[in-house]
Amino acid sequence: MDGGGRAGDKKVWGWWGDRGHARQRKLNGSLDPTTSMSESDGAEHRRLIIAGSGIAGLTAAIYAGRSNNDPLVFEGDEPGGQLTLTTEVDNYPGFPEGISGPELVSDMREQARKFGADVENGVVESVEVEDDPGVGHRFRVVLTSGDVYTADAFIAASGASARTLGIPGEDELMGYGLSTCATCDGAFFRDEEIVVVGGGDAACEEAVFLTKFASTVHLVHRREEFRAEDYWIDRLMDHVEDGDIELKLNTEVTELHGSREEGVEGVTMVHHPEGHPTDKPDDPDTEEFAFDAGAVFYAIGHTPNTSYLEGLDVEMDDEGYLETAGGDGGGQTATGVPGLFGAGDVVDYHYQQAITAGGMGCKAAIDADGYLEDLERERAAAEEPAAAESDD
């Protein structure tokens, strides 16, 4: 998201002063990051922990590993992120023949490990800030397994989960004709009858976008009225008048049909003249019918995976997306909590592309590196008076 308007309201950490001495200390390992807090409760300490193993998290891990920041990546409950649901990725630079989502994620995971990152299975349950008498500000990270870690810096790259309908056929066909990203997958379904589900800005935008490829786009919405802004409704209706888009209002999709071998072949829908037909299954006015389709796109929103950060005094918008400093200088991924950075779909509700997530992961790792070097300098400066007193 564009946080440029907020950049002046927040301190951007890690971008002042000469960092050469801190860099040398990091390379020499002269400052032991394991402190009394981690020793006292058995928690393993890391310089940097990254939550999320999608493109943002793994890119951050690659950069952090190359900067000798000993990153530990927790894969989360959706290892690899949403890209693992995409069978073919044709728009990620460097792969003119395309690459499968799982293969791209796997290659990036190995690249991160090559540069020293540890990628482990684990789901972060909570993150808290603790002030240790010996070293000051740091993060306490608790996993759903009960394991506890501490870290000097933390990158939230846990993404956002696309909302689904929970209907038969969904699990089998996700990535095989069922998609949650028109920009990612629309070009695979040229000249097909395409169904788009939703009634907000995203649904209207995706329906309009898909007219570039589909023989006809069928926009399915459970109500009569759209929730989208007038701009998108006007653009949508222009395509309706041209015959590119057909509206199926007061209608819901209840089942997907097809196979992984053949893809989506059709859907079952229900219609009621007053809307919300699935709430009225026994109403005689509720009509069920089959519809042939070659692809289905869900555009019913995403849920950012930020609930584990609720114990922190970190700013989020009404949907739960992280607010970051933004702007055009360093520290763009910094949040209002020193040492906490955000990257990828956990911040970006607009673009939500693999390449933009990777760019934000890179920024977050660089921002975290600057923060960690400044933190080391502060600790070293705090140790100097104590060392002088002992010499006396």
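The values are calculated or read from the model by the stated rules, or taken from the named source; none is laboratory data. Computed from a prediction, not measured in an experiment: that's the story for all the values here. Glycine also receives a Cβ, built like all others from the backbone with ideal geometry; neighbour counts cover every protein chain displayed. With ligands, DNA and RNA removed, areas are computed over all heavy atoms of the protein, side chains included. Shrake-Rupley method; radii C 1.70, N 1.55, O 1.52, S 1.80 Å.
What relative contact order, as a whole-number percentage, does the chain give when Cα pairs under 8 Å and 6 or more residues apart are counted?
Relative contact order of the chain: 22 percent.
For the peptides 260-267, 370-377, 239-246, the ranking by packing is 370-377, 260-267, 239-246, with the highest mean count of neighbouring Cβ atoms within 10 Å listed first. Between residue 80 and 53, 54, the built amide H atoms are under 5 Å apart, and every one of these is 5 or more places off in sequence or on another chain.
In this rough spin-label picture, where each label sits 7 Å from Cα along the Cβ direction, the residue 279-residue 246 distance is 2.7 nm. Radius of gyration over Kirkwood radius for region 96-245, both on Cα atoms: the Rg/Rh ratio is 1.12. The protection proxy used here, the mean number of other Cβ atoms lying within 10 Å of each residue, ranks peptides 318-325, 161-168 as follows, highest first: 318-325, 161-168.
3J(HN,Hα) along region 248-253: 10, 8, 6, 9, 9, 8 Hz, from the Karplus curve 6.51 cos²θ - 1.76 cosθ + 1.60 with θ = phi - 60°, whole Hz, x for Gly and Pro. Placing unit charges on the Cβ atoms only, positive for Lys and Arg and negative for Asp and Glu, gives region 268-318 a dipole magnitude near 240 debye about its Cα centre. Which of (i) 167; (ii) 158; (iii) 138 is the computed volume of the Cα convex hull per residue in Å³ for the structure on display? Computing volume of the Cα convex hull per residue in Å³ and matching it to (i) 167; (ii) 158; (iii) 138 gives (ii). On the basis of the beta-carbon distance and an R0 of 25 Å, residue 318 and residue 115 show a calculated FRET efficiency of 0.10. At what distance in angstrom do the alpha carbon centres of region 175-223 and region 265-295 lie from each other? Their Cα centres are 18 Å away from one another. Residues whose amide H lies under 5 Å from that of residue 150, counting only those 5 or more places away or on a different chain, are 44, 45, 46, 141; hydrogens are built 1.01 Å from N in the peptide plane. Couplings for region 63-76, taken from phi via the Karplus curve 6.51 cos²θ - 1.76 cosθ + 1.60 with θ = phi - 60°, read 5, 5, x, 5, 8, 6, 9, 6, x, 10, 9, 9, 5, x Hz in order; Gly and Pro are left as x.
Between residue 119 and 73, the built amide H atoms are under 5 Å apart, and every one of these is 5 or more places off in sequence or on another chain. This model, with +1 at the C-beta of Lys and Arg and -1 at the C-beta of Asp and Glu, gives the chain a dipole about its Cα centre of some 1520 debye. Just to check, using Stokes-Einstein with a Kirkwood Rh over alpha carbon pairs, what's the diffusion coefficient of region 233-392 at 4 °C and 1.567 mPa s in µm²/s? Estimated diffusion coefficient is 62 µm²/s.
For region 236-392, the solvent-accessible area with a 1.4 angstrom probe is 47 square angstrom per residue. Ordered from highest to lowest accessible area with the whole protein assembly present and a 1.4 Å probe, 47, 223 read as 223, 47. Couplings 3J(HN,Hα) of region 205-216, computed from phi: 5, 5, 4, 5, 4, 6, 5, 5, 10, 6, 5, 8 Hz, in residue order, whole Hz [Karplus 6.51 cos²θ - 1.76 cosθ + 1.60, θ = phi - 60°; x for Gly and Pro].
Would you mind telling me the share, in percent, of accessible area of region 155-266 contributed by carbon and sulfur at probe 1.4 angstrom? Using a 1.4 Å probe with all protein chains present, region 155-266 comes out at 41 percent carbon and sulfur. When the Cα positions of 359, 146, 309 are compared along the charge dipole of the chain, 359 comes out farthest toward the positive end, with charges on each C-beta of Lys, Arg, Asp and Glu.
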